[in-house]
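The values are calculated or read from the model by the stated rules, or taken from the named source; none is laboratory data. All values reported here derive from a predicted model rather than from experimental measurement. In this analysis, Cβ positions are derived from the backbone assuming ideal geometry, glycine residues included, and neighbour counts consider all displayed protein chains. Heavy atoms of the whole protein, side chains included, go into the accessibility calculation; ligands, DNA and RNA do not. Shrake-Rupley method; radii C 1.70, N 1.55, O 1.52, S 1.80 Å.
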Amino acid sequence: MEVPCTPPRAPSTPSHVRVGSLKNYTFAPPPTPRSSAARELISRHALQAATTLTISSFTALLADLTASQYSPTSSLFGSSTGGNERTRLDRIEAFREDYMIGALQSDSPPPLPELDAFSDGTRASLAGTETSVTTFFTADEEEQEDRLPISLVQRGVLAEESIKRSLRQSRQLIVHSSFASIAAAARRAMKKALKSGKETFVSCGLLKSPSWAEEYEVRGWAPPGIRFGNFKPDLIKFFKKEKGGKEGEVVWEVIEIKYSSNSKEIIYASHKVQAIYYHLCLLKLFSPVPLLTPSHRASIWISQDPFSSTYSEKPLALRTNLAFVEHHLFELLPKWLHAITKEEWVGSEEKRKAIEEMKKTATARRTPGSTLMDRFQAVTSPLASASPSLRGPAVWKASTSTSKPRTIAGEEKSLWDLPPLPDEDDEDLVEMMGDLVV
């Protein structure tokens, strides 16, 4: 039996194909056109200057692009590489659309499940009072497995709380409130690290991202570039510099806590971008603090048990990873978001200034009476300024008649000197309009 062949869809309308839990597209949607019109450039620049982007949403995009569901084996389009590329382009297009509508300006972790324990390890009794019985570390493995959330992000939040609780019990943790001075918290951590000789950690609240206009402008993008929203590092470690340091000099280091169920403990590109982005932000925020030196690395603490404070530390050397992260932040991200280049913006400004100069020149060269509007105003302005009682044939003749008035044939009497026509009676008016009534 011969099956009729259906024509393929147009590339502008993607055909959805579901394979298990994966969604692929037969055709990738066309990219958003980048018009060079002046009005469109101004609108794009206003949107770019008013919209912020969280670093967590960008790292989530990188995680999606490198996840196993985008591997070549998940494609069903003959050429596995082509299907994989179409899916990646579609994910970037969706990311750009979310950015344009402001959906990536704030991000919060998913809520934790309702467990029978609080974040400090205590358990709520049936009477509503708290007890000092610790449930995270005394429960059986089967009970812990039942309480374990399904989401990896939720497991990561539990692992972060477990590690911070252990640091708080050892009196090594300083809690920083959201939008408070991070420099003041750093000075407090420096004093504690120098006094105790131990490592001191700061649990950060929300911080306002610094401006990256100079970094984007150096790479050819119009200011302000891509504006990032608030950020929140997991931990900042402070310790005394032992060798080659000045007296009272302290080193700080960014620490990111991640949960992984994989025994290989892989460091993904999203982890590198997020940790080193925090390092670059804190470089600017800690610049006014004296005797505070940045570390030559950032660290990833990987936890495989969200109910335990144990972890394995994976260092990220800045010397080998900084160029990789800057390429993603300042090169790939503005390209994916169709940011305005400096060349486009300068060209648009030059065109706008040239149009304004042409308008000024045309206005300066224009002489009175050169346009139709000027001539019309010259004729109607005396009539508009005259009072209603004086508006008559004599006034019009004296003020507006510059040429010789028309005369009746064979007479020297002007048309303005003729008496006005008599008012017609209502009956005559009805008789004249009778033929017009339908």
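Residues Ile255, Ile236: which one is in contact with a Lys or Arg (Cβ under 7 Å, 6 or more places away or on another chain) and at pLDDT 95 or above?
Details: Ile236 fails: in contact with a Lys or Arg (Cβ under 7 Å, 6 or more places away or on another chain).
Result of the check over Ile255, Ile236: Ile255.
Which condition breaks for Thr407 when tested against (1) more than 30 Å from Arg155 (Cα to Cα); (2) modelled with pLDDT of 85 or more; (3) more than 27 Å from the chain's Cα centre (by Cα); (4) surrounded by 11 or more Cβ atoms within 10 Å (Cβ to Cβ)?
(2)
Looking at Ser270, is it surrounded by fewer than 21 Cβ atoms within 10 Å (Cβ to Cβ), small (Gly, Ala, Ser) and out of contact with any His (no Cβ under 7 Å at 6 or more places or on another chain)? Break it down stepwise before answering.
Numbers: surrounded by fewer than 21 Cβ atoms within 10 Å (Cβ to Cβ): no; small (Gly, Ala, Ser): yes; out of contact with any His (no Cβ under 7 Å at 6 or more places or on another chain): yes.
Spelling it out, it is not the case that Ser270 is surrounded by fewer than 21 Cβ atoms within 10 Å (Cβ to Cβ), small (Gly, Ala, Ser) and out of contact with any His (no Cβ under 7 Å at 6 or more places or on another chain).
In this structure, is Ile174 in contact with an Asp or Glu (Cβ under 9 Å, 6 or more places away or on another chain) and within 29 Å of Gln304 (Cβ to Cβ)?
On the way: in contact with an Asp or Glu (Cβ under 9 Å, 6 or more places away or on another chain): no; within 29 Å of Gln304 (Cβ to Cβ): yes.
Judged against the criteria, Ile174 is not a match.
Taking the range 333-348, which residues are exposed (fewer than 14 other Cβ atoms within 10 Å of the Cβ) and not basic (Lys, Arg)? Talk me through it step by step, then tell me what you get.
The initial filter retains those residues of the range 333-348 that are exposed (fewer than 14 other Cβ atoms within 10 Å of the Cβ), namely 335, 343, 346.
Glu343, Val346, listed by residue number.
Scan the range 152-204 residue by residue and report those that are within 15 Å of Ile255 (Cβ to Cβ) and aromatic (Phe, Trp, Tyr).
Result: Phe201, single match.
I'm trying to understand the selection: among the residues of the range 54-73, which are of a type in the set (S, T, N, Q) and either modelled with pLDDT of 50 or more or in contact with a strand residue (DSSP E or B) (Cβ under 6 Å, 6 or more places away or on another chain) (or both)? I'd like the intermediate steps shown before the answer.
Here is the first cut: in the range 54-73, the ones of a type in the set (S, T, N, Q) are 54, 56-57, 59, 66, 68-69, 71, 73.
Scanning the range 54-73 gives Thr54, Ser56, Ser57, Thr59, Thr66, Gln69, Ser71.
If you take the residues in the range 93-113 that are modelled with pLDDT of 90 or more and among the acidic types (Asp, Glu), which one is least open to solvent (accessible area, probe 1.4 Å)?
Only one residue tops the list, namely Glu93.
Six or more apart or on different chains, Cβ atoms under 8 Å: show the pairs whose first residue is in the range 161-176 and under 18 Å from Glu256 (Cβ atoms) and whose second is of a type in the set (Phe, Trp, Tyr) and surrounded by fewer than 17 Cβ atoms within 10 Å (Cβ to Cβ).
Filtered contacts from the range 161-176: no entries.
Check whether at least one residue in the range 297-318 is over 26 Å from Gly156 (Cα atoms) and open to solvent by 20 Å² or more (accessible area, probe 1.4 Å), and report yes or no.
Going residue by residue through the range 297-318, those that are over 26 Å from Gly156 (Cα atoms) are none.
Taking every residue of the range 297-318 in turn, none turns out to be over 26 Å from Gly156 (Cα atoms) and open to solvent by 20 Å² or more (accessible area, probe 1.4 Å).
Is it true that His327 is open to solvent by 10 Å² or more (accessible area, probe 1.4 Å), of a type outside the set (Asp, Glu) and at positive phi?
Working: open to solvent by 10 Å² or more (accessible area, probe 1.4 Å): yes; of a type outside the set (Asp, Glu): yes; at positive phi: no.
It is false that His327 is open to solvent by 10 Å² or more (accessible area, probe 1.4 Å), of a type outside the set (Asp, Glu) and at positive phi.
Go through the range 142-161 and report how many residues are modelled with pLDDT of 90 or more and open to solvent by 40 Å² or more (accessible area, probe 1.4 Å).
Count: 1.
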